[in-house]
Amino acid sequence: MNKFDYMEKYGYEQLVYFYDKTTGLKGITCIHDTTLGPALGGTRLWNYASEEEAVLDVLRLARGMTFKAAAAGLNLGGGKTVLIGDATKVKSEAYFRALGRYVQSLNGRYITAEDVNTNTHDMDYVSMETSHVVGLEGKSGNPSPITALGVFHGIRASLKTAFGSDDISKFSFAVQGAGQTGYYLIKKLVEAKAKKIYFSEINPGHIARMNKEHPEVEFVDPDKIYELDVDVFSPCAFGAILNDVTIPKLKAKVVAGSANNALFDEDKHGPMLKERGILYAPDFVINAGGVINVYHELHGYNADRAIRDTEKIYDRLLEIFAIAKEQNTHTQEAAKIFAKNRITTINLMHANYIPR
Ligand code: NAD
């Protein structure tokens, strides 16, 4: 891969390699676009098979964060850090403090947070060396309940568009995964008196928890979740589950859940869902509650404000669905158009000279 060609093609700003001699910390930070504000994105620790794989991952993830922040109405750009290493071996106070120093060296152009294989405890070490870190213990806290809240409102907007009513009590649901987000989502659906809820899981502890707390929520075999005769399929387990094999099985008219990168191939499976008359709530819009929540840490955390902001996912999705209809395109594409429009408009709005 020619990195500069790739950066030029997709409009990247910066790709930074770093290596700490003391701890062996090896990583790459990517800043995709800072038109709207500092680039925010978590730090992922992964035992990448090659440097090439790590670079591609950080590039792809940083660009995804630009769209996510823009579509969520935040004054943030997109960025990401990947650390190359074995999470079971490399972690230490010094390792994460060394990371903090590299984050600090970007002088606020990039703000980090936890991601795969890093947690709030690790970020506490990062925060000893930089103030450009969010998602800390005792601040915005666990993002999952608020992510689930955003998904709940996103489901309502999807129902309104697909069926003309956002009254949860009229509809049935199949939720894939009752982990951090699926669990809280199911609780909201139960509270809103959903007509019927099914869930699938592979973790016995999570199945038992659901059976105990909500025996009316019916467990189904993980392989059977796609073909249930329900109104909404809600993927809340892992990515790439909307693909050539699963899409033909779906009977639901709405697909809306927390899972990141739910479409195996956006350009193929976005249109495939559209052709089958299935309304898909774009992942990076519907699951933005967590990033909206940490964003509020930057301005003095206030839970009520973060919740109110997350509820706006409802209106954003209605707008995105309208764009998809107007432009006769699939909803994932419409969400990108929506995000790019905001970046362009805010950029142009800043073009006049106002002394401050
Ligand atoms: P999680 O690991 O807590 O929950 C996922 C659950 O899915 C687990 O309980 C797991 O046992 C279950 N699962 C795994 N394989 C399964 C299968 N084949 N069938 C059914 N269930 C299966 O993760 P989470 O935090 O709830 O995240 C779920 C998705 O949402 C991920 O794609 C994540 O990236 C995305 N997401 C999460 C957040 C957040 O705030 N947690 C924010 C944005 C996006």
Task: Relative contact order %, the stretch 144-341, counting alpha carbon pairs below 8 Å whose residues are six or more apart - done: 24
- [ ] Along Cα→Cβ, 7 Å out, is where each label goes; now give me the distance between the ones at Asp124 and Lys325 in nm to one decimal.
- [x] 5.0
Open item on the list: List the residues, sorted by chain then number, that are 5 or more residues from Leu25 or on another chain and whose placed amide H is less than 5 Å from its amide H.
Closed with: Asp20
- [ ] Return the whole-Å distance between the Cα centroid of the stretch 4-59 and the Cα centroid of the stretch 229-303.
- [x] 25
Open item on the list: How are the alpha carbon pair distances in the stretch 44-121 distributed across 5 Å bins from zero to the largest one, expressed in percent?
Closed with: 3, 14, 22, 25, 21, 11, 4, 1
Task: Choice from Tyr110, Tyr19, Tyr226 with maximal GNM fluctuation in the chain (Cα, 10 Å cutoff) - done: Tyr19
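Which percent of the accessible area of the chain is formed by carbon and sulfur heavy atoms (probe 1.4 angstrom)? Mind showing how you got there, number by number?
Values: 8190 of 16230 Å².
Roughly 50 percent, rounded to a whole number.
Determine, from the Cβ-Cβ distance of Lys139 and Arg308 and an R0 of 22 Å, the FRET efficiency 1/(1 + (r/R0)^6), rounded to the nearest 0.05. Could the numbers behind the result be given before it?
Working: r = 18 Å, r/R0 = 0.81.
It comes out at approximately 0.80.
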Open item on the list: Assuming 0.36 nm per residue, please report the length gained on full extension of the stretch Asn203 to Thr344 beyond their Cα-Cα distance.
Closed with: 46.4 nm
- [ ] Please give every one of the aspartates and glutamates within straight-line cross-link reach of Lys268, meaning a C-alpha to C-alpha distance under 19 Å, and leave out same-chain neighbours fewer than 8 residues apart.
- [x] Asp244, Asp283, Glu333
Task: Cross-link partners of Lys187 among lysines (Cα-Cα below 27 Å; sequence separation of 8 or more within a chain) - done: Lys68, Lys139, Lys160, Lys170, Lys195, Lys196, Lys212, Lys224, Lys249, Lys251, Lys253, Lys312
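Please work out how much length the chain gains when fully extended from Tyr10 to Glu227, using 0.36 nm per residue of separation minus the C-alpha to C-alpha distance, in nm with one decimal. Numbers along the way, then the final one.
Numbers: separation 217, 0.36 × 217 = 78.12 nm, distance 3.72 nm.
Contour length minus the Cα-Cα distance gives 74.4 nm.
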Task: For the chain: accessible area per residue (Å², 1.4 Å) - done: 46
Open item on the list: Quick check on the chain: helices-only [θ] at 222 nm, where DSSP H runs of length 4 and up contribute -39,500 (n - 2.57) each and the sum goes over total residues. Nearest 500, please.
Closed with: -13500 deg cm²/dmol
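Could you grab the relative contact order for the chain? Cα pairs under 8 Å, six or more apart, rounded to a whole percent. Working shown, then result.
On the way: 721 pairs, mean separation 54.7, N = 356.
Answer for the chain is 15 percent.
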Open item on the list: I need the peptides 4-14, 289-299, 20-30 ranked by packing, meaning the mean over residues of other C-beta atoms within 10 angstrom, with the highest value on top.
Closed with: 289-299, 20-30, 4-14
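The values are calculated or read from the model by the stated rules, or taken from the named source; none is laboratory data. Treat the numbers as computed from the prediction; the structure is a model and nothing was measured. Cβ coordinates were reconstructed from backbone atoms using ideal geometry, including for glycine residues, and neighbour counts include every protein chain displayed. In case anyone asks, the SASA skips ligands and DNA or RNA and just uses the protein heavy atoms, side chains included. Shrake-Rupley method; radii C 1.70, N 1.55, O 1.52, S 1.80 Å.
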